[in-house]
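Values in this text are rule-based calculations from the coordinates and carry no lab data. None of these values were measured; they are calculated from a predicted model. With ideal geometry, Cβ positions are generated from the backbone for all residues, glycine too; neighbour counts draw on all protein chains shown.
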Amino acid sequence: MTPIDRKGSPQVDLSQESRLSAGPRIALVLPGGGARSAYQVGVLKAISGWYPAGTPLPFRVVCGTSAGAILAAVLASYAPRFRQGASALDRVWRGFRVNQVFRSDPLSMLRSGAQVLLALLSGGWLVPPPRSLFDNDPLRHLLEWRVNFARVRQALDSGLLDALAITATSFASGESVSFIDSSSPVQGWERPGQRGVAAELRLDHLMASAAIPFLFPPVKMLGSYFGDGAMRQVTPLSPAIRLGADRILVIGVRERGRAPVGASMTGSPTFGQMFGFMLDTLFMEGLDADLERLQRINGLITDAPTATPLRGMRRIESLVMHPAGDLSAAAMEHAGEMPRSVRSLLRTMGAASEMGGQLTSYLLFETGYTSKLIGMGYAEAQLRREEIGIFLGL
C-alpha cells in the first residue's frame, strides 16, 4: 500500500526509518478492559517510578484500544515526563466514579430502560430503540479535560514519540481500523478485515474506540459510524509491529491461568453472565492468539538456517503482564459502591450474583475497586522488576 501522510501525499515508510535508529524501538500495547484498565495504570505507575524524575516516555510507539486507548493518549500527552503522566492516570483512576463514565442517576437509568421496553412492545413504531443502554457524555467531558491532543502533537513533532495508534471498528466496512498519528509520514496498510490509516487524532477517535457495543453509542467519523476497537481486532499487535517495534510490552487485563468462565455453573447462564463472557472474549481472545502467533514466528526465525533467512520477517520480542488475582472476585467485593440504579440494572440482567462478577468487573468505575486494581498492578510489576527492567533496557 502506498505510504501516505495526513494530507494524502506519497511519503516514506516510518517502519523502514526505524531500522536506522539507535537501539531497539520499544512499543507499549494497551488492550481494552473497561474498569479493569485500572490494573494497567498500576503497572505503568510502578514502571515510571524506576526512571529518574523528568525522564521522557520510554516507549517510542504507543498503541491502545478501548479503555487502553484512553490511557495511551494520556501517556502520549505526557511524553516529556513519563512519571508525571503515570501519576496523572493514577489520580484520575483512584478517584473514579461511575457517573464520570456514564449517566447513572435514577432518572437517566429509568428513561433508558423505559425506552428499551417501549421499543420492544411497539416493535419500534411508537418509540425508536435507544442507540445504547448508557449515555456516556460524562466520559466525553472528562476526556476533553484530561487529554491534551496539542501536547500529543508537540511530542510527535519534537521526536519524543514516534507514533500513537488508536484502534476502532468501522460498522460500515466491518474492519478494524487503526488511526495513526506519527512523527514521520506513516506507511498505511490494508489487509482482510483491518486497515491502518494516517490521522490527526482527536477526541472522537477515543470515544469511538471505547464505544462498547450495546452499552455505549457508536461515534460518527469520516461519514460512517465506529465502535469499540476490540470488536474486530484479531491481531492487536499488528499496529505496533507495522510501526517498527522491536520489542513490545503488553499489559493485559485477564487473569493468567483463570478457570473458564462458568466452569462451576450448574444452571442456565443469565443474560448478565453471557454479556460478561462476551466482553471478556471481546477484549482478550485476539490478544492471546496474536501473542501465540508471534512466538511461533520467532521460533521459525530462530530455527531458520543463517544462509536462508525468511524474507520479510524479523524477530520481535514481547513481554506480557497479566493480573495474578481474580478481578471478578475483587469486583464483587466492591459491587456495593455502584449507584443503586446500576446495581438494580445488573440484578435485572442476572449479574448481581457471584457468577455475574465478570460483567461487574468491566463496569465498576468506583474508587474502592479501581484503587485495588491499581495496587494489584503496582505490586505485580514490582515483583517482576528485574525482568521488565532488562526488557526495557534499564
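Scalar couplings 3J(HN,Hα) for the range 225-242, obtained by applying the Karplus form with A = 6.51, B = -1.76, C = 1.60 to θ = phi - 60°, are 9, 10, x, 3, x, 7, 4, 10, 8, 7, 10, x, 7, 4, x, 5, 5, 5 Hz; x denotes Gly and Pro.
The amide H of Met321, built 1.01 Å from its N in the peptide plane, has Val250, Ile251, Gly252 as neighbours under 5 Å, considering only residues 5 or more places off or on other chains.
Positive contributions from Lys and Arg (+1) and negative ones from Asp and Glu (-1), summed over other residues with Cβ under 11 Å from the Cβ of Pro339, come out at +1. For GluC sites (Glu not before Pro), the sites in the range 155-232 that DSSP calls loop and that have at most 12 other Cβ atoms within 10 Å are Glu200.
With a cut-off of 8 Å between alpha carbons and a minimum separation of six or more residues, what is the relative contact order of the range 26-97 in percent? Please list the in-between numbers first.
On the way: 102 pairs, mean separation 28.9, N = 72.
Reported as a whole number, the value is 40 percent.
Between Leu319 and Thr281, residue separation times 0.36 nm minus the direct Cα-Cα distance comes to 11.6 nm. Karplus-based coupling profile of the range 189-198, in residue order and whole Hz: 9, 8, 9, x, x, 8, 9, x, 10, 6, with θ = phi - 60° in 6.51 cos²θ - 1.76 cosθ + 1.60 and x standing for Gly or Pro. Per-residue packing, averaged as other Cβ atoms within 10 Å, sorts the ranges 26-37, 239-250 into the order 26-37, 239-250, beginning with the highest. Where the centroid of each part is defined by its Cα atoms, how far is the range 29-79 from the range 173-214 in Å? Centre-to-centre distance over Cα atoms comes out at 19 Å. Taking a ≥ b ≥ c as the square roots of the Cα gyration tensor eigenvalues, with a/c under 1.5 meaning rounded and otherwise prolate when a/b beats b/c, else oblate, which class fits the range 159-263? Taking the square roots of the gyration eigenvalues as a ≥ b ≥ c, the range 159-263 is oblate. Rounded to the nearest whole Hz, the Karplus-based 3J(HN,Hα) values (6.51 cos²θ - 1.76 cosθ + 1.60, θ = phi - 60°) of the range 328-340 follow the sequence 5, 5, 5, 5, 5, 5, 10, 4, x, 6, 5, x, 4, with x at glycine and proline.
For Leu249, neighbours were defined as the other residues whose beta-carbon sits under 13 Å from its Cβ, and their charges (Lys and Arg +1, Asp and Glu -1) total +1. Take the Cα of Glu333, step 7 Å toward its Cβ, do the same at Arg151, and the gap between the two points is 3.2 nm.
Taking the Cβ of Arg91 as the centre, find all other residues whose Cβ is under 12 Å away and add up their charges (Lys, Arg: +1; Asp, Glu: -1). Could the numbers behind the result be given before it?
Details: positive: Lys45, Arg94, Arg146; negative: Asp90.
Neighbour charge sum, excluding Arg91 itself: +2.
What is the range 355-394 by shape, rounded, prolate or oblate, if you read a ≥ b ≥ c off the alpha carbon gyration tensor as root eigenvalues and call it rounded for a/c under 1.5, prolate for a/b larger than b/c, and oblate otherwise? Here the range 355-394 falls in the prolate category.
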